[in-house]
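The values are calculated or read from the model by the stated rules, or taken from the named source; none is laboratory data. Everything quoted here is computed from the prediction, not taken from an experiment. Please note: Cβ atoms are built from the backbone with ideal geometry, for glycine as well, and neighbour counts cover all protein chains shown. For the accessible areas, the whole protein counts, side chains as well, though only heavy atoms, and no ligand, DNA or RNA atoms are used. Shrake-Rupley method; radii C 1.70, N 1.55, O 1.52, S 1.80 Å.
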Amino acid sequence: PKSPTWIRVTEQGIKQSFDLTKVMFSRGNISEKIRFGKESVREGDVVLDMYAGIGYYTLPAVIHGKAAKVYACEWNEHAVQALRFNVQDNKIQDKVEIFVGDCRKSAQKHNIVGLVDRVSLGLLPSSEGGWRTAVRALKVSTGGWLHVHANVPAQEMESWTLWLCHTLK
């Protein structure tokens, strides 16, 4: 936070700070962050954010979606520093638990199995490496939602969706 390249962006009333030379920030996915926080996450949900970054989906899940808990996994040390700062700055530290390292190993190490209502898989170009972990994290009795991000040409969206469902099954 003391770096001259540390900046703050406010989106949807959420403060997000980061070192612009160390981590990425995309205004291009603002509609997805709004949808996730304001429309998808329900009050009381438990969320696993497998590729949390600086809190792109973690912060809206708690602040707008009123999630009871978010398990946020990230392995980029600069993003983790910003994530920790942002959680404190937005005063939601009682609702967010941060796991540093490979999200697949973190979820297993911290026994995030059968506990969550939603999993954010916000990794591009593909989050496929985390799908098995994500499915295992969903509640056994009620299931849940996977928010899968991927780069897919518009004309292939339908076939990709069918492929995704088949693969997850």
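Considering the conditions (1) within 23 Å of VAL135 (Cβ to Cβ); (2) in contact with a Lys or Arg (Cβ under 8 Å, 6 or more places away or on another chain), ALA72 is excluded by exactly one of them, (2).
In the range 87-101, the residues that are at negative phi and free of Cβ contacts under 8 Å to residues at least 24 places away in the same chain form Cβ pairs under 7 Å with partners that are surrounded by 18 or more Cβ atoms within 10 Å (Cβ to Cβ) and of a type in the set (A, V, I, L, M), at six or more places apart or across chains, as follows: GLN93/VAL87. The single condition among (1) among the aliphatic types (A, V, I, L, M); (2) within 17 Å of PHE18 (Cβ to Cβ); (3) touching a residue at least 40 places away in the same chain (Cβ under 8 Å); (4) in contact with a Leu (Cβ under 7 Å, 6 or more places away or on another chain) that VAL119 does not meet is (2). For LEU48, the criteria (1) free of Cβ contacts under 8 Å to residues at least 40 places away in the same chain; (2) among the aliphatic types (A, V, I, L, M); (3) under 15 Å from HIS149 (Cβ atoms) hold in every case but one, which is (1).
Scanning the range 18-34 for residues that are part of a helix (DSSP H, G or I) and open to solvent by 90 Å² or more (accessible area, probe 1.4 Å) yields one hit, ARG27. The set of residues in the range 51-77 being in contact (Cβ under 8 Å) with a residue 40 or more places away in the chain, of a type outside the set (A, V, I, L, M, F, W, C) and touching a Phe, Trp or Tyr at 6+ places or on another chain (Cβ under 8 Å) consists of TYR57, PRO60, TYR71.
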